[in-house]
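All remarks here apply to the structure that follows.
The values are calculated or read from the model by the stated rules, or taken from the named source; none is laboratory data. From a predicted model like this one, the values you see are computed outputs, not experimental measurements. All Cβ positions, even for glycine, are placed from backbone atoms using ideal geometry, and neighbour counts span all protein chains on display. These accessible areas exclude ligands, DNA and RNA; they are computed on the full protein's heavy atoms, side chains included. Shrake-Rupley method; radii C 1.70, N 1.55, O 1.52, S 1.80 Å.
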Amino acid sequence: MKEFLVQPLRDALQSLGTAAEIQFEKPADEKFGDLSTNVAMQLARDLKKNPRQIAADIVSKLVLDKSVVEKVGVAGAGFINFYFAKGASLVAAKEILLKGATYGEGTVGAGQRAIVEYVSANPTGPLTVGRGRGAVLGDTIANLLAAQGYAVTREYYFNNAGRQMRILADSVRMRYLELCGDEVSYPEDYYQGDYIKDIARNIFETQGASLRYSQELTLFKETAEAEIFESIKQTLARLGIAHDAFFNENTLYEIGESGTSRLDDVISRLREKGYIEEREGAVWFKTSLLGKKKVEDKIEIGVDTVLVKSTGEPSYRLPDIAYHINKFARDFDLMVNVFGADHIDEYPDVLRALKVLGYDETKVKVAINQFVTTTVNGEVVKMSTRKGNADTLDALIDDVGADATRFFFIMRNKETHLNFDLELAKKQTPDNPVFYLQYAHARISGILRLAVSEKNFVASANEYELLTSLTVKEEIDLAKILLEFPAAIERAALTLEPNRLITYLNGVAEVFHKFYHECRIIGEPDAVMKPRLYLILAARQVFQNGFKILGISAPEKM
RNA sequence: GUGCCCGUAGCUCAACCGGAUAGAGCAUCAGCCUUCUAAGCUGGAGGUUACUGGUUCGAUUCCAGUCGGGCACGCCA
């Protein structure tokens, strides 16, 4: 609708001898119309005039199509409010039915390629509840970007080498030796979870005690990795999450045709630019030259970053940089990384390196999610994989179901701490927020079932026109909010904040329930019933399309 | 100690780029089912937007400081 207003407003401003960027917003209160602009207030300072007077001047010069904009008003400090003709929304509502499953899709990412990297847990143990938030967040962001026309790659970055994996393998070996009957003192800093014992048992069952006196860890490592990875994928699958690509960090260490690895290449390129220094036996990235600093005793000190430790091993930042260069080589227009707040200090180094090497680092977006605390009976449960007292994501899904799991993880802004109330999520009662939404969909489905079975209703595109005969306030309100769906998706996608979509859908559910109470459908004369049936078909479409992005089911009955 | 994030109704959270009387759900109080699902709707009560200043015609939003919580500050990942 904004398109109808922008040019007339520009013309009006021009005839007053001025110009400004024209911004619209949806007024909080419907008595202020459907859209408003604050352009008069913006101009107040330059023109040194009362904003209300400016607004009145603008309105007097406005030329608008009366069949679209019914009324224009000036209110408050100088807002210009536009009231749309009822028919305008209803005509537009036909689009929802015509577009069907594609309604709501946008073109922000048309012709562009995006990669979303999420989960990325190393295969050292089952996914925890804490990991779940990033997993669902990343998956939903990927869905939102896909809905904006991006060709999206969902990628999982992992490392199955290094110290952690050695500890994992040795943990399994220790448990295996226990099964062989050996007395072992199990180290405290080894993996404590029962899954280690399960893996050891599987090995013991197939291999017997044949590995008892071997120091070789390979079988333990490979078995553990394979089994744990399999369980991670299964857990993700329960939430409807499936990655397109798995990127193994090890490939960055491999020596290519040039005789160097990707990691070597990063260092030599940074060295050419003058950002590498070797001292104390280590290789440093001179981030101090790029603004990285810390403050000690109120004195700022530049800070460099180690890329290769004095042991000769790369620190984890080096492969991180190489990995991002790899993403650029794959020519993505947008690269989203989803990770937890504990990595908050890591990505600035990566971005600094990318910038220095001539990449457009603004294409990299980082979605950081704050931690999850779970409460059970009001008591906070802290989690750690290493200690083995973690609530696994699997157990959570068993407990509350996939829909509630997904919903709870994304219903809050990612940057706020999430309190996952296990008791609440488990409830099959109205205090559980996911039910409020799904119930609206189930109600619509129930009405449509009846319409088909008792009134022989068959939806037909040449009857969509009937929507324009709706007149009741609750009908119009519903049509209007359904039309905001594309904007809601776009906003959620651009900000990488799926919770905005939930907030929007909650609003739709609220307006629908009001409509439901005010407007009966089955049993009304055809002239009333049919337009309403098409209206709720449109509402159902919005719920279904929205639920698909959120990754939750759309139950026909509850 | 330093950096980043957060602080909004009793609880969990919204508030689109700085806009109009700060909104929902839960809990609570009062109503609404012979009629499409009462997992719903209507109404009431509930707020110094942590605090103090600043910028602005206008601040929950931006800036500075204070207090409180989380995370990170390693040649760990």
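Overview of results
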{"item": "Conditions (1) open to solvent by less than 70 Å² (accessible area, probe 1.4 Å); (2) within 33 Å of the chain's Cα centre (by Cα); (3) within 11 Å of RNA strand B (Cβ to nearest atom); number of the one not met by A:Val308", "result": "(2)"}
{"item": "Residue in the stretch A:4-12 that is more than 9 Å from RNA strand B (Cβ to nearest atom), outside any helix (DSSP H, G or I), at pLDDT 85 or above and open to solvent by less than 90 Å² (accessible area, probe 1.4 Å) present", "result": "no"}
{"item": "Residues of the stretch A:218-254 satisfying the condition of being surrounded by fewer than 20 Cβ atoms within 10 Å (Cβ to Cβ) and polar (S, T, N, Q)", "result": "A:Thr218, A:Thr223, A:Ser231, A:Gln234, A:Asn248, A:Asn250, A:Thr251"}
{"item": "Segments classed as helices (runs of 4 or more DSSP H), wholly inside the stretch A:107-208, with at least 2 members that are under 30 Å from A:Asn545 (Cβ atoms)", "result": "A:129-147"}
{"item": "Tabulated pairs, the stretch A:1-24, first in contact (Cβ under 8 Å) with a residue 40 or more places away in the chain, second assigned to a loop (DSSP other than H, G, I, E, B) and among the β-branched types (Val, Ile, Thr), C-beta under 6 angstrom, 6+ apart or interchain", "result": "A:Phe4/A:Val68; A:Pro8/A:Val63; A:Leu9/A:Ile22"}
{"item": "In the stretch A:446-460, the residues that are in a helix (DSSP H, G or I), surrounded by fewer than 17 Cβ atoms within 10 Å (Cβ to Cβ) and over 35 Å from the mean Cα position of the chain (by Cα)", "result": "A:Leu450, A:Val452, A:Ser453, A:Glu454, A:Lys455"}
{"item": "Residue count for the stretch A:21-55, restricted to those that are in contact with a Gly (Cβ under 6 Å, 6 or more places away or on another chain), aliphatic (A, V, I, L, M) and more than 8 Å from RNA strand B (Cβ to nearest atom)", "result": "2"}
{"item": "Residue list for the stretch A:43-59, filter: more than 15 Å from A:Asp11 (Cα to Cα) and among the charged types (D, E, K, R)", "result": "A:Arg45, A:Asp46, A:Lys48, A:Lys49, A:Arg52"}
{"item": "Residue satisfying condition, being in contact with an Asp or Glu (Cβ under 6 Å, 6 or more places away or on another chain) and near RNA strand B (Cβ under 8 Å from one of its atoms), within set A:Glu474, A:Glu510, A:Glu497, A:Glu518", "result": "A:Glu518"}
{"item": "Per-region count, the stretch A:26-40, residues hydrophobic (A, V, I, L, M, F, W, C) and surrounded by 20 or more Cβ atoms within 10 Å (Cβ to Cβ)", "result": "2"}
{"item": "Close pairs from the stretch A:78-95: first hydroxyl-bearing (Ser, Thr, Tyr), partner assigned to a helix (DSSP H, G or I), Cβ under 6 Å, at least 6 apart", "result": "A:Ser89/A:Ala479; A:Ser89/A:Lys480"}
{"item": "Top-ranked residue in the stretch A:61-93 [being among the small types (Gly, Ala, Ser) and more than 18 Å from A:Val472 (Cβ to Cβ); ranked as least open to solvent (accessible area, probe 1.4 Å)]", "result": "A:Gly78"}
{"item": "Scope the stretch A:408-445; condition more than 8 Å from RNA strand B (Cβ to nearest atom) and more than 24 Å from the chain's Cα centre (by Cα); matching residues", "result": "A:Glu423, A:Lys427, A:Ile444"}
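Okay, residues lined up against (1) under 34 Å from the mean Cα position of the chain (by Cα); (2) of a type outside the set (A, V, I, L, M, F, W, C):
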position: A:Glu277; (1), (2): no, yes
position: A:Lys292; (1), (2): yes, yes
position: A:Gly312; (1), (2): no, yes
position: A:Ile325; (1), (2): yes, no
position: A:Phe328; (1), (2): yes, no
position: A:Met335; (1), (2): yes, no
position: A:Ile344; (1), (2): yes, no
position: A:Val350; (1), (2): yes, no
